[in-house]
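In what follows, a structure is listed as structure tokens, so that the remarks can point back to it.
The values are calculated or read from the model by the stated rules, or taken from the named source; none is laboratory data. Predicted model, so just to flag it, every value in this text is computed and none were measured. Every residue, glycine among them, receives a Cβ derived from its backbone with ideal geometry; neighbour counts consider all protein chains shown.
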Amino acid sequence: MAAPLRVEFQFDFGSPNAYLAELVLPEIERRTGVKFDYVPVLLGGVYKATGNMSPFDSLRGIKNKPQYNSLETQRFLRRHNITKFKSNPFFPVNTLTLMRGAVAAQFEGMFEIYFRAAYHHMWVEPKKMDDPQIFREAFVSSGVDIDRLIARTQQDDVKKKLIENTSDAVARGAFGSPTFFVGNEIFFGKDSLRNVEEEIVAQLNVARRKTA
């Protein structure tokens, strides 16, 4: 029997485009019946390994392109009826603790509440989430047992897993966030979601024909 199709959403909380893309994933899951695996990666590590940089840096001083990127974001918001999104005035934020927290939350069975809180405090009610006190207070306000997770982020297995996720992403072709894998097929950016869904459907159809 063939292994089930693995579809990955590789994310870093510091990417606004990853936040926006994730809001659309439940629609794709409902239409295809396939669940995304959420894979925390450290975007700073991806950038360092690939020589890439964030649009915040790469677009600085370029005429028209930043404005067009903003226009495309507004179109995406309207297309998907996204109303809860604000630019983070503290951007870019160092996300090392946030991303270790995501790994720790997966290990501790606390991922959903941690994930939703992290995105809320980054892109709905934006805060300086690389400030330790603000970080802790934000998660406490969202009902997360953050002291437990903060302690867990210092464990070697958590640190190692985030490094492994990041290194694996780069080895497979990733250079930014969000990155999606449908099986071995890679897609980048929130604007690739239609292609992601089409590839899911195509691979599912191939699998069904093989088993028919």
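Contact annotation: residue pairs with Cβ atoms under 6 Å, 6 or more positions apart or on different chains, pairing a residue in segment 71-92 that is surrounded by 11 or more Cβ atoms within 10 Å (Cβ to Cβ) and of a type outside the set (Phe, Trp, Tyr) with a partner that is part of a loop (DSSP other than H, G, I, E, B) and at pLDDT 95 or above, are LYS86/PRO126; ASN88/PRO126. When the residues of segment 1-43 are filtered to those that are among the small types (Gly, Ala, Ser) and modelled with pLDDT of 95 or more, the one that is farthest from HIS120 (Cα to Cα) is GLY33. For segment 113-145, a residue qualifies if it is over 20 Å from the mean Cα position of the chain (by Cα) and assigned to a helix (DSSP H, G or I), and the qualifying residues are PRO132, GLN133, ILE134, ARG136, GLU137, VAL140, SER141. Among the residues of segment 166-177, the ones that are surrounded by 22 or more Cβ atoms within 10 Å (Cβ to Cβ) and part of a helix (DSSP H, G or I) come to 2 in all.
Sub-7 Å Cβ pairs linking a first residue in segment 28-52 that is within 22 Å of GLU164 (Cβ to Cβ) and assigned to a helix (DSSP H, G or I) to a second residue that is of a type in the set (A, V, I, L, M) and at pLDDT 95 or above, at least 6 apart or interchain, are VAL46/ALA169; VAL46/VAL170; VAL46/ALA174; ALA49/VAL170; THR50/VAL170, ordered by first then second residue.
Of all residues in segment 1-55, those being within 15 Å of the chain's Cα centre (by Cα) and on the phi > 0 side of the Ramachandran plot number 0.
Among the residues in segment 178-191, are any part of a helix (DSSP H, G or I), of a type in the set (Lys, Arg) and touching a Leu at 6+ places or on another chain (Cβ under 8 Å)?
Residues of segment 178-191 part of a helix (DSSP H, G or I): 190-191.
Among the residues that remain, those that are also of a type in the set (Lys, Arg) are: 190.
Retained after the next criterion (residues that are touching a Leu at 6+ places or on another chain (Cβ under 8 Å)): 190.
Looking through segment 178-191, at least one residue is part of a helix (DSSP H, G or I), of a type in the set (Lys, Arg) and touching a Leu at 6+ places or on another chain (Cβ under 8 Å).
Tallying residues that are more than 19 Å from the chain's Cα centre (by Cα), within 14 Å of VAL24 (Cβ to Cβ) and assigned to a helix (DSSP H, G or I) within segment 68-89 yields 3. As a summary of the residue check, GLN203 satisfies the conditions (1) surrounded by 16 or more Cβ atoms within 10 Å (Cβ to Cβ); (2) under 19 Å from PHE11 (Cβ atoms); (3) not acidic (Asp, Glu) except for the one numbered (2).
Checked against the criterion of being surrounded by 13 or more Cβ atoms within 10 Å (Cβ to Cβ), more than 18 Å from the chain's Cα centre (by Cα) and hydrophobic (A, V, I, L, M, F, W, C), the candidates ILE150, ILE186, ILE163 yield just one match: ILE150.
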